[in-house]
Amino acid sequence: MKLYRTFFIAASLLLASVPSLAEIERVEISNRESLSDAGVNFSYESITGIVYFSLDPNDEANTAITDIEYAPVNDEGLVEYSADFRVLVPSDSIANGGLLYNVNNRGGSVFPPEQSLQHPLSAMGFTYLATGWINELSPRAERLRLHAPIVGSVPGQQAITGQVRYEVSVGAAADTVNIAGGGHLAYEPTAAGLRDASLTQRLYQNDPRIPVERSQFQLEVIPESDSNQPVVNLTMTGGFQPGRLYELIYEAQNPVLAGAGMAAIRDMVSSMRHGDGGAAHLAALNLPEIDNTVAWGNSQSGRLLRQFVYDGFNEDLYGRKVFDGVIPVIAGSGYGMFNNRFAMPTRTNGQHSNHLYPNDLFPFTYGESTDPYSGRTDSILGKARASNTVPKIMHIQTSNEYWVRGGSLPHTNPQGTEDAVLPEEVRFYSIGGSQHGSGDGVPQAPTSGQLPRNPNMWSPIADSLLVAMYDWVANGEDPPASRYPQIADGSLVPSHTDRGINNAAWNPLQGINHPDANYTPSFANYGDRWLEERIIDRHPQTSDMHYNALVPAVNADNNDSATSTVLPPLTQVPLATFVPWNLRAPSTGAEKSLARLSGGYIPLPANSTASAQARDPRSAISSLYSSFDDYLNQYETATDTLISEGYLLEGFKQIYMDIAQGNSAVFE
């Protein structure tokens, strides 16, 4: 019988060290709390703390960690590091033997039972885990961080230095900026780096870089407590203007062992699953037996999972599979700077900013493809297939990723001329009519974009597919069929032609600006050591070698199709165009560029008179529905269809119906 405490805080409960050659050396628990609700007959215990690991730099399985050979070692020749963790343990009455690992996003993670014990996943009895995997985060309450050593810091070794590049852009005028972004840390400049740092500015990616004289900008390095990386602030005479791109390059020192973040995921999950690798130190967590494991992560965290598999971390130190299932959500085509020298894990490439960081790289596909620029043939699953540790994959993304994150490339060839063959272990789900972040279904006024943000709610679909993944790996139940736009049937098309916007991708509307281009990842030269050693010796300024990213075709109302995307009911039964892109608001500068990870919302005309007055070619609401009840009936049918097809759990139906009920004013 497990013992639960309503609320208990230990200043640092240090579990007794158990002699072991394993990867987990000890665990410190800092907080235990019971999650309960009078409306349910189960509970969870939330446990947070720090787990201390060691790595053998001579173990072949650890050689995938960049620069591990330069990391400091203890008397036993092992590299020491630690990571924050949080685990949710279900009560015995519901524990199902499944572990759901969530790759936290910039240190933050919320599990379904933490949202509510009434959440449809809460009663299913999963154990939940998240661990810190990013070193460059500032300390903050409840933020999960990696605590990695500096590489090249061994006495007698020459310190490791290198040129680093930070691109800075602001949405409002500012005099001083944190070069790594708010709440983030950077790399310490050397003396020469401070003296010789260079800064340029430009408005758009392809504009010429205008040098800023060294006397016109200053760098301030501020040590951060409880971290080996500092805050680096940049101040410029005259200040920073909205939308402009400021590119800072300087010589830095003290890179960290960033790849240890993926090793921590591998070793913690493996120990919880198999009961070895230092699992004795986990006894106080009072875990149920773990039979199956699934990992999911959104955005940056989904990109981490793609790299986790690509770099071979789904094989543990004993040659076993770590995760049975892996779900990158809204990851687009990318990986990230997660496992390289001078890593910057939170950088995300986009059409306006952060272009040419080594994030969105070949191979894009899970099956083999050939890079037209390097001639390499490779796949994300290559290492896992060689070690017989291939997980089931569900790649889930929205139509926004096609416009702003090269989202077609994981399921086409790099040239964008043919559909890729999905391996049998892979399912692909494109959620139509949606932006990068799931909304609440309620439109709001525009903020940083020219259009109101797309309010479509798609998270219940992703949560439902998470359960489908578990049923696939644990019970052998086939998940719903892949649904995504394809070249072969004309549902995946170029965003633009030689004449401008492609009418198959967007029908121009009176008074609505549309993009000049979508985001296209590029092949770039990072120097001779990048491919084999993950060391950047060259920061490319431009590239004319682009991979061909395509976008979903739209209907006459500029909405996505329910046959080529998993379409939420708000878009299947529309009162508006749910735009997969947005343009930057003039107040934020660079208004011709795509807004960062944002979609848009354009209400349909109410009736034929409104259509004629606005010269709006889209369907009028009065032509689609005879009444509010008719709208509700069609909406419920669309929701029920998603349920019957397996894309939505029954438990989420009422959430969607409540959104529809809130639209009654449209029909008054």
Query raised in the report: Taking the radius of gyration and the Kirkwood hydrodynamic radius from Cα positions alone, what is the Rg/Rh ratio for the stretch 586-627, to two decimal places?
Result: 1.19
Query raised in the report: Considering only N62, A504, S438, whose Cα is most displaced toward the positive end of the charge dipole of the chain, charges sitting on Cβ of Lys, Arg (+1) and Asp, Glu (-1)?
Result: A504
Query raised in the report: Gain in length, E224 to R385, computed as 0.36 nm per residue apart minus the alpha-carbon separation, to one decimal in nm?
Result: 53.8 nm
Report task. Roll a 1.4 Å probe over the protein heavy atoms and report the accessible area of L287 in Å², nearest 10. Result -> 50 Å²
Query raised in the report: N233 to Q115: FRET efficiency via 1/(1 + (r/R0)^6), r the Cβ-Cβ distance, R0 41 Å, to the nearest 0.05?
Result: 0.70
Report summary line: Inverse of <1/r> over all distinct C-alpha pairs of the stretch 72-184, i.e. the Kirkwood Rh in Å, gives 17.8 Å
Query raised in the report: Taking Rh as the Kirkwood radius, which is the inverse of the mean 1/r over Cα pairs, what is the Rg/Rh value for the stretch 223-378?
Result: 1.04
Requested in this report: Against the globular-protein guess of 2.2 N^0.38 Å, express the Cα radius of gyration of the stretch 507-612 as a ratio, rounded to two decimals.
Outcome: 1.49
Report summary line: The FRET efficiency for A606 and D516, from their Cβ-Cβ distance with R0 = 30 Å and rounded to 0.05, is 0.45
Report summary line: Correct semi-axes for the stretch 333-380, from √(5λ) of the alpha-carbon gyration tensor and rounded to whole Å with the largest first, are 21, 13, 10
Query raised in the report: Can you give the extra length, in nm with one decimal, that the chain gains between E477 and Q415 once fully stretched, where that is 0.36 nm per residue apart less the Cα-Cα distance?
Result: 18.8 nm
Query raised in the report: Per residue, how many Å² of accessible area does the chain show with a 1.4 Å probe?
Result: 38 Å²
Query raised in the report: So how strong a dipole does the stretch 503-627 carry about its Cα centre when Lys and Arg Cβ are +1 and Asp and Glu Cβ are -1, to the nearest 20 debye?
Result: 320 debye
Requested in this report: Grab the beta carbon distance between L531 and D175, set R0 = 30 Å, and tell me the FRET efficiency rounded to 0.05.
Outcome: 0.15
Requested in this report: Could you point to the residue in A192, P230, Q205 farthest towards the positive end of the stretch 159-279's charge dipole, with +1 and -1 charges on the Cβ of Lys/Arg and Asp/Glu respectively?
Outcome: Q205
**Report entry** Approximate spin-label separation Q163-R209, in nm, with each point projected 7 Å along Cα-to-Cβ
**Finding:** 0.8 nm
Report task. Quote the accessible area belonging to H496 in square angstrom, nearest 10, computed with a 1.4 Å probe and with ligands, DNA and RNA left uncounted. Result -> 40 Å²
Report task. Towards the positive end of the charge dipole of the stretch 212-367, with charges on Cβ (+1 Lys, Arg; -1 Asp, Glu), say which of P255, S270, F362 has the farthest Cα. Result -> F362
Query - the stretch 563-625 - percent of accessible surface contributed by carbon and sulfur, probe 1.4 Å - result: 53 percent
Requested in this report: Report Rg(Cα)/(2.2 N^0.38 Å) for the stretch 40-123, keeping two decimals.
Outcome: 1.51
Query - Pairwise Lys count, the chain - Cα closer than 29 Å, eight or more residues apart or different chains - result: 5
Report task. Leaving ligands, DNA and RNA out of it, rank K392, K592, K383 by accessible area with a 1.4 Å probe, largest first. Result -> K592, K383, K392
**Report entry** Backbone N under 16 Å from the S664 label point (7 Å along Cα→Cβ), restricted to the stretch 617-634
**Finding:** 627-633
Query raised in the report: So what's the Cα pair-distance distribution over the stretch 607-668, bin width 10 Å, in %?
Result: 20, 39, 29, 11, 1
Query raised in the report: If you roll a 1.4 Å probe over the stretch 228-384 with all protein chains in place, what percent of the accessible area is carbon or sulfur?
Result: 43 percent
Report task. Compute the projected area of the convex hull of the Cα atoms of the chain, averaged over all viewing directions, and report it in nm² to one decimal place. Result -> 30.0 nm²
Query raised in the report: What number, rounded to the nearest 500 deg cm²/dmol, is the helix-based mean residue ellipticity at 222 nm of the chain, given -39500 (n - 2.57) per DSSP H run of at least four residues and division by all its residues?
Result: -4500 deg cm²/dmol
Report task. In Å and from the alpha-carbon atoms only, list the Rg and Dmax of the stretch 451-492. Result -> 14.7, 45
Query - Relative contact order (%) - criterion: Cα under 8 Å, at least six apart; region: the chain - result: 11 percent
Report task. Enter the accessible area of E533 (Å², nearest 10), with the probe set to 1.4 Å and all protein chains included. Result -> 90 Å²
Query raised in the report: Fully extended, how many nm does the chain gain between E289 and A191 (0.36 nm per residue separation, minus their Cα-Cα distance)?
Result: 30.0 nm
Query raised in the report: Can you work out D for the stretch 419-481 in µm² s⁻¹ from Stokes-Einstein, where Rh is the Kirkwood radius over C-alpha pairs, the temperature is 10 °C and the viscosity is 1.306 mPa s?
Result: 113 µm²/s
Query raised in the report: Hey, got the dipole for the chain? About the Cα centre, +1 on K and R Cβ, -1 on D and E Cβ, debye to the nearest 20?
Result: 1360 debye
Requested in this report: For the stretch 130-259, count the residues as N, evaluate 2.2 N^0.38 Å, and divide the Cα radius of gyration by that value, please.
Outcome: 1.12
Requested in this report: Just round it to a whole percent: the fraction of Cα-Cα distances in the stretch 368-491 exceeding 26 Å.
Outcome: 33 percent
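The values are calculated or read from the model by the stated rules, or taken from the named source; none is laboratory data. The structure presented is a predicted model; accordingly, all values stated were derived computationally and were not measured. Every residue, glycine among them, receives a Cβ derived from its backbone with ideal geometry; neighbour counts consider all protein chains shown. Accessible surface areas use protein heavy atoms only, side chains included; no ligands, DNA or RNA. Shrake-Rupley method; radii C 1.70, N 1.55, O 1.52, S 1.80 Å.
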